[in-house]
Structures are given as C-alpha cells and as structure tokens.
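So the structure is just underneath, and the comments pick up after that.
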Amino acid sequence: MNIRRVPFDHPDAVKLNDEVQAEYDLRYGDGGDATSLAPSDFAPPNGLYLVAYDENGAPVASGGWRSQDANDEGNLDGDAELKRMFVTEQVRGRGLARRILAALEEDARAAGRTRMVLETGTKQPEAVALYTSSGYEPCVKFGYYRFHEDSLCYAKALRDQRS
C-alpha cells in the first residue's frame, strides 16, 4: 500500500468521501455526516489529508486532520481533529487504518498540535476498537454531533502535558 498526501478535493479523496458518506447513511440514516468541511481545512500546515492506494493504484483508504482551537463547539486550543478515516471493505483488517492514523498523529504533532480529537458513533464498533487500542480515551463531546445520543468523542495527547 502506498499512502500519499492529497488535497481534500482531489478526485480520489472525493470518491472515498462519497463511499464513507454512503456507509454513514447505511449505519445512521440522515444522508451521512453533515459536519462542514472545506478543502482548505486540510491544507498544510493547518491540516493534512491522506489517501492510500493498493498495488493497482486504486484508492482504498483515507483520513485527515484539521486544526481546531477553542470554539463554541467544544474544541480546545491546540486540537487536531481527525476526520474521514475510512477503509474500503475489500482491504479492511490489514492494518491500513492504523498506519494512516499514526501518520496523521505524527504530522499533527510536528505541526505543533497538542491533542488529537475525534468523533465517531455507537454504530461504528470497529472504529471505537481502533481508537481505544491506539491510546484514545473518551472526552467531553465536541463538534456538530455533540448533542446526539449516538455520538462518541475521544482524545489523545500528542505531547507530554507536563512540559
């Protein structure tokens, strides 16, 4: 698998985003995730978007982070918000999401972000398992879905908070 940095509006990123939205709709209804995202959200140094390609060059996984600071949706200064983590069904279970997650964490850390945060849902047990096994812990809910019953929010420190 080859993981590449791409703009959020790159055709392969758009294709995978459409697939993840269809999966959200299948699991939750309501047409997918209504969180507002813009390509500029993921432009370095304030974010990053990655797409993984299989040996034939087909896009099979994605994920990104965007800078967030204290706001009225519950974010804190220094947050990096994980968005659109997705692996197509045919390549799940190969550790690809874990590789993308590690790359995103490292990039956010290098950009000076202090905490990675994410919102997932009760109907995504495989996502919850990935995040909790990667050191994420439940945190105060934030973001667009912070008042929704199915919403779960997690955070992981990217820097030693004692320094």
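The values are calculated or read from the model by the stated rules, or taken from the named source; none is laboratory data. Quick caveat: nothing in here was measured; it's all calculated off a predicted structure. As a convention, Cβ positions derive from the backbone with ideal geometry for all residues, glycine included, and neighbour counts pool all protein chains shown.
With the requirement that a residue be β-branched (Val, Ile, Thr) and in contact with a helix residue (DSSP H, G or I) (Cβ under 7 Å, 6 or more places away or on another chain), what does the range 100-147 give you? Matches in the range 100-147: THR120 only. Within the range 128-146, the residues that satisfy the criterion of being without any contact (Cβ under 8 Å) to a residue 40 or more places away in the chain and either part of a strand (DSSP E or B) or surrounded by fewer than 15 Cβ atoms within 10 Å (Cβ to Cβ) (or both) are ALA129, THR132, SER133, GLY135, GLU137, PRO138.
The one condition from (1) in contact with a Pro (Cβ under 7 Å, 6 or more places away or on another chain); (2) assigned to a helix (DSSP H, G or I); (3) farther than 13 Å from THR88 by Cα that PHE8 does not meet is (2). Against the numbered list (1) at pLDDT below 95; (2) crowded, with 17+ Cβ neighbours inside 10 Å; (3) not hydrophobic (A, V, I, L, M, F, W, C), SER163 comes up short only at (2). Given the conditions (1) farther than 23 Å from LYS15 by Cα; (2) crowded, with 20+ Cβ neighbours inside 10 Å, report the number of the one that ARG66 does not fulfil. Condition not satisfied by ARG66: (1). Restricting attention to the range 86-127 and to residues that are in a strand (DSSP E or B) and closer than 17 Å to ASP54 by Cβ, the residue that is nearest to the chain's Cα centre (by Cα) turns out to be PHE86. If you take the residues in the range 111-127 that are within 16 Å of ARG92 (Cβ to Cβ) and of a type in the set (S, T, N, Q), which one is surrounded by the most Cβ atoms within 10 Å (Cβ to Cβ)? Filtering the range 111-127 for residues that are within 16 Å of ARG92 (Cβ to Cβ) and of a type in the set (S, T, N, Q), the one surrounded by the most Cβ atoms within 10 Å (Cβ to Cβ) comes out as THR120.
Which residue, of ALA80, ALA52, ALA61, ALA97, is farther than 13 Å from ILE3 by Cβ and either surrounded by fewer than 18 Cβ atoms within 10 Å (Cβ to Cβ) or aliphatic (A, V, I, L, M) (or both)?
On the way: ALA52 fails: farther than 13 Å from ILE3 by Cβ; ALA61 fails: farther than 13 Å from ILE3 by Cβ; ALA97 fails: farther than 13 Å from ILE3 by Cβ.
Being farther than 13 Å from ILE3 by Cβ and either surrounded by fewer than 18 Cβ atoms within 10 Å (Cβ to Cβ) or aliphatic (A, V, I, L, M) (or both) holds for just one of ALA80, ALA52, ALA61, ALA97, which is ALA80.
Scanning the range 41-49 for residues that are in a helix (DSSP H, G or I) and either closer than 23 Å to TYR145 by Cβ or among the aliphatic types (A, V, I, L, M) (or both) turns up at least one hit. Note on the range 52-85: residues that are assigned to a strand (DSSP E or B) and closer than 21 Å to GLU119 by Cβ amount to 15.
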